[in-house]
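**Q** Quick one: the structure is below, and I'll ask about it shortly.
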Amino acid sequence: MAEGHRQRLKNRFLEYGLDGFNEINALELLLFYALPRVDTNPLAHRLLDRFGSFSGVLDADYAELIEVDGVSDHTATFLKTVPDVCRYYQRSKLTDHLVLSSLHEIGEYFVRQFVGVTQERVLMICLDGSRRLISCDRIHEGSVNSAGFSIRNMAMTALKRRAASVVVAHNHPNGIAVPSPDDVMITNALENAMSTLEIEFIDHIVVADNKYCMIKNKP
């Protein structure tokens, strides 16, 4: 019975994709590949009961996932790869010849890069003179005002990429897309540092809950 259910879900996915799947079935299908010999329906229910939604499960921290009965190290690691795979896919697909000509396009690009990220992270994109994307680099993991954050490293990255302009972004996990006083201070320091290198500093963006806020170019 369980094997027949698995095959029916797989066939349905292959024919129609995930459109029309409810969250239980979508999570079941995903768990098939972490737990090939287990009925994944009860675990899918437990995960959704704990985290509230399909996206909530994938956004959950590793430590929270392994607290759920039936979630092993292997399963938790597998679930955590899914948002990263999505970001990696988007970045790979979009990097070649992607032009970010407007502030809105830049903001939306960064929102996609932070999907499923549950820790504070600092990213920087380097653009050429035509606003074509050269790279998106992870600069720092942690708060922008922490000791590990280095403006010098960002400047060196921009020089290495031969960037004409750069944009920096960081996220506020479980927060709102509103800059703190420290964010504003860091923005001013970054703009001064890039100015001495004759690299345009376009903006510093705060991302939270699929929204973004620009510090320099306020609406």
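The values are calculated or read from the model by the stated rules, or taken from the named source; none is laboratory data. These numbers were taken from a predicted model, which means no experiment stands behind them. Counting neighbours? That spans all protein chains shown, and the Cβs are built from the backbone with ideal geometry, glycine included.
**Q** Regarding residue 12, is this residue at pLDDT 95 or above, over 25 Å from residue 123 (Cα atoms), assigned to a helix (DSSP H, G or I) and out of contact with any helix residue (DSSP H, G or I) (no Cβ under 6 Å at 6 or more places or on another chain)? It would help to see each step written out before you state the result.
**A** Details: at pLDDT 95 or above: no; over 25 Å from residue 123 (Cα atoms): yes; assigned to a helix (DSSP H, G or I): yes; out of contact with any helix residue (DSSP H, G or I) (no Cβ under 6 Å at 6 or more places or on another chain): yes.
Here the answer is no, as residue 12 does not meet what is asked.
**Q** Among the residues of segment 160-178, which ones are buried (at least 21 other Cβ atoms within 10 Å of the Cβ) and closer than 17 Å to residue 107 by Cα?
**A** Scanning segment 160-178 gives 166, 167, 168, 169, 170, 171.
**Q** Among the helices (runs of 4 or more DSSP H) contained in segment 38-81, which hold 2 or more residues that are under 24 Å from residue 4 (Cα atoms) and free of Cβ contacts under 8 Å to residues at least 40 places away in the same chain?
**A** Ranges flagged: 41-51.
Residue-wise test of (1) modelled with pLDDT under 90; (2) within 20 Å of residue 87 (Cβ to Cβ).
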position: 122; (1), (2): no, yes
position: 165; (1), (2): no, no
position: 173; (1), (2): yes, yes
position: 188; (1), (2): no, no
position: 211; (1), (2): no, yes
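**Q** Separate question: Going by the conditions given, is residue 105 assigned to a helix (DSSP H, G or I), assigned by TED's automatic domain parsing to the domain that holds residue 131, free of Cβ contacts under 8 Å to residues at least 60 places away in the same chain and not polar (S, T, N, Q)? Even if it seems obvious, please write down each step before you answer.
**A** Numbers: assigned to a helix (DSSP H, G or I): yes; assigned by TED's automatic domain parsing to the domain that holds residue 131: yes; free of Cβ contacts under 8 Å to residues at least 60 places away in the same chain: yes; not polar (S, T, N, Q): yes.
For residue 105, the condition - assigned to a helix (DSSP H, G or I), assigned by TED's automatic domain parsing to the domain that holds residue 131, free of Cβ contacts under 8 Å to residues at least 60 places away in the same chain and not polar (S, T, N, Q) - is met.
**Q** If you take the residues in segment 1-20 that are of a type outside the set (D, E, K, R) and under 24 Å from the mean Cα position of the chain (by Cα), which one is nearest to residue 53 (Cα to Cα)?
**A** For segment 1-20, the residue satisfying everything is 18.
**Q** Quick test for you: out of 194, 154, pick the one residue that is under 30 Å from residue 80 (Cβ atoms) and either without any contact (Cβ under 8 Å) to a residue 40 or more places away in the chain or in the same structural domain as residue 62 (by TED's automatic domain parsing) (or both).
**A** Result: 154 is the single residue among 194, 154 that is under 30 Å from residue 80 (Cβ atoms) and either without any contact (Cβ under 8 Å) to a residue 40 or more places away in the chain or in the same structural domain as residue 62 (by TED's automatic domain parsing) (or both).
**Q** Select, from 62, 33, the only residue that is among the hydroxyl-bearing types (Ser, Thr, Tyr) and over 28 Å from residue 169 (Cβ atoms).
**A** So the residue among 62, 33 that is among the hydroxyl-bearing types (Ser, Thr, Tyr) and over 28 Å from residue 169 (Cβ atoms) is 33.
**Q** I'm trying to understand the selection: among the residues of segment 47-71, which are exposed (fewer than 13 other Cβ atoms within 10 Å of the Cβ) and either of a type in the set (Ser, Thr, Tyr) or touching a His at 6+ places or on another chain (Cβ under 8 Å) (or both)?
**A** Passing the criteria: only 53.
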